[in-house]
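Some notes on the structure that comes next.
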Amino acid sequence: ASSRASKSSGKGARKGRSSSNGRGPLLTTADGAPVGDQENALSAGPRGPLLMQDVNLIEQIQRFNRERMPERVVHAKGTGAYGTFKVTNDIRRYTKASIFSKKGKKTECVVRFSTVAGERGAADAERDPRGFAMKFYTDEGNWDLVCNNTPVFFVRDPYKFQMFIHSQKRHPETNLRDANMQWDFWSLCPESLHQVTWLFGDRGIPRTYRHMNGYSSHTYSMINDEGERVWVKFHFKTMQGIECLTNAEAADLIAHDRESHQRDMIEAINKGDFPRWKAYIQVMTQDEANEFRWNPFDLTKVWPHGDFPLIEVGELELNRNPKNYHHEVEQSAFNPSAFVPGIGPSPDKMLQARLLSYQDAHLYRVGVNYRDLSVNKPRCPVHNYLRDGQFGGMHDEGTGFPNYYPNSIKGAPRPNPDYNEPPWHLGDVTVDRWDSRVDHDDFTQAGDLFRLMDRDEKVRLAVNIVESMGGCRKDIIKRQLELFDKADENYGRLVRKALESYRRGDMDDLHESVQPHA
Ligand code: HEM
């Protein structure tokens, strides 16, 4: 009377790993083993109970429970697309960045647009700033330019960023967005008024992500081949034209399409109507910065275009939709500290805080090896001494031996001082990579400690050293002996004597044979 779902008895299973109808691939477990039934749980009799040994069902339950990763703490709702950045103007007098090395040069990139305050399921057409994050896969490393659609920001000190975001997100008791919190914060922070005026003005709700501009807002630095530094702001102007929604239009749109921006981007790219932006920079010299009427690194203010005109640099085109939203958009990780030679930070306090914040967010949200995912992976060789962590080893680059520096291993990655940023003079002090070994005596105190020891202590020290070091490569031992010599010539002599005993293999009577003051 029972109806067994599976027809096959398990005997004589089909050969060749094909599916039962031969039309699609064979269904397998995550370990690659063929699956016979994906609809009926293994049970003791037709009415159950179920068996622990139906491991595929167990894995399905577990994997489903783990499908979500933490959403971005801000900018959680987003849309991503790949594209190309093309240089249209020679700006090599400002930067040696390889992305700008030649007029006409094209660099692949990925861009993620977002709203700020809403969660991952929020409606797109809300009144909110829009994120405009770009990752350029340059031949000298990934350069991330993480912009907004407004040229300024609400606050100028990083202490206020997290507090500002709290005021914009949900009330901790009611879990409601709360106008009192928002306006309480804004009314206590007059520096927010400039961006508040943007936000509640006509441009406060872009019609789509294609119909808005992108701005670095922050000042960054550019460094040329001569090591000269200028300050720059980036602007990306939409070639689709600015189009926005009123509150009423947005409410109407959201009522029938909560994903209007996402849908618009996917459809435009799918039908070949590739969105484009013209890229510009504004440039300020250090002398101009010194004499400027306000702090030019204040993120709440623009640089007047009359004083610092826009200089065209290139064109951005988005032309490819991701194939897997989770892998390529949700797990994409943009990082204002991803600089390349020729482009760097400025003293803007907010930017300085962002240099830490995003990297930290990625380590938590995506994981320590987030750059191994194809969307985040540099498209140039990577060699470094960062190692391990969860999901390490998805790619070979940056792995293996040696895993420490300095080392004397042939072929190991080494830095090149040509890539050092030039010194940065801040009045009385200069920011630079000061040599931590200059003016430091590494030997006197080590020698004093040796000299303080009595005969037996010295011998024990030498024995311990050779028992550890005796089997090392000759060049390493030679280098280390020279250090002992510099601390005290008797120190070097004693270790050499101990080494001789070690090599002769008569360590047993080492104590007798080694004379500390021989
Ligand atoms: C996302 C922090 C200011 C644009 C984020 C995230 C954090 C963060 C933690 C989430 C990152 C992730 O989980 O992937 C901060 C801090 C700021 C600051 C601490 C100031 C002190 C700004 C400013 C802009 C900006 C001034 C624009 C000029 C963005 C964008 C994203 C983002 C576009 C989304 C990136 C993406 O698409 O993955 N921010 N932010 N943020 N932020 Fe900021």
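Looking at R47, R68, R72 in this structure, which one is loosely packed, with under 13 Cβ neighbours inside 10 Å, part of a loop (DSSP other than H, G, I, E, B), within 16 Å of the ligand (Cβ to nearest atom) and not β-branched (V, I, T)? One residue alone meets the criteria, R68.
Would it be correct to say that P304 is under 18 Å from the mean Cα position of the chain (by Cα) and either in a loop (DSSP other than H, G, I, E, B) or at pLDDT below 95 (or both)? In short, no. Filtering region 236-247 to residues that are outside any helix (DSSP H, G or I) and not basic (K, R) leaves F236, T238, M239, Q240, G241, I242, E243, C244, L245, T246. Tell me, which helices (runs of 4 or more DSSP H) lie completely within region 132-207 with 1 or more residues that are aromatic (F, W, Y) and near the ligand (Cβ under 9 Å from one of its atoms)? Hits in region 132-207: 159-168. When the residues of region 116-127 are filtered to those that are within 12 Å of the ligand (Cβ to nearest atom) and either farther than 25 Å from P151 by Cβ or touching a residue at least 60 places away in the same chain (Cβ under 8 Å) (or both), the one that is surrounded by the fewest Cβ atoms within 10 Å (Cβ to Cβ) is R120. For region 347-369, residues that are more than 7 Å from the ligand (Cβ to nearest atom) and crowded, with 19+ Cβ neighbours inside 10 Å total 4.
What are the residue pairs meeting all of these: first residue in region 80-102, first residue closer than 20 Å to F334 by Cβ, second residue of a type in the set (D, E), Cβ atoms under 6 Å, and 6 or more apart or on different chains? Cβ pairs passing all conditions: G83/E317; T84/E317; S98/D139; S98/E140.
So which residues in region 75-110 are away from the ligand (no atom under 16 Å from the Cβ) and of a type in the set (V, I, T), if there are any at all? Result: T84, V87, T88, I91, T95, I99, T107. Checking the stated criteria, F113 turns out not to satisfy the condition of being in contact with a strand residue (DSSP E or B) (Cβ under 7 Å, 6 or more places away or on another chain), more than 9 Å from the ligand (Cβ to nearest atom) and touching a residue at least 24 places away in the same chain (Cβ under 8 Å). Against the numbered list (1) touching a residue at least 40 places away in the same chain (Cβ under 8 Å); (2) closer than 15 Å to F113 by Cβ; (3) in a helix (DSSP H, G or I), A250 comes up short only at (2).
Cβ contacts < 7 Å: first residue within 16 Å of T138 (Cα to Cα), restricted to region 358-381; second residue among the basic types (K, R) and part of a loop (DSSP other than H, G, I, E, B), any location; separation 6+ or different chain. Result? Cβ pairs passing all conditions: R371/K377.
The values are calculated or read from the model by the stated rules, or taken from the named source; none is laboratory data. The model shown is predicted, which means the values in this text are computed figures rather than measured ones. Counting neighbours? That spans all protein chains shown, and the Cβs are built from the backbone with ideal geometry, glycine included.
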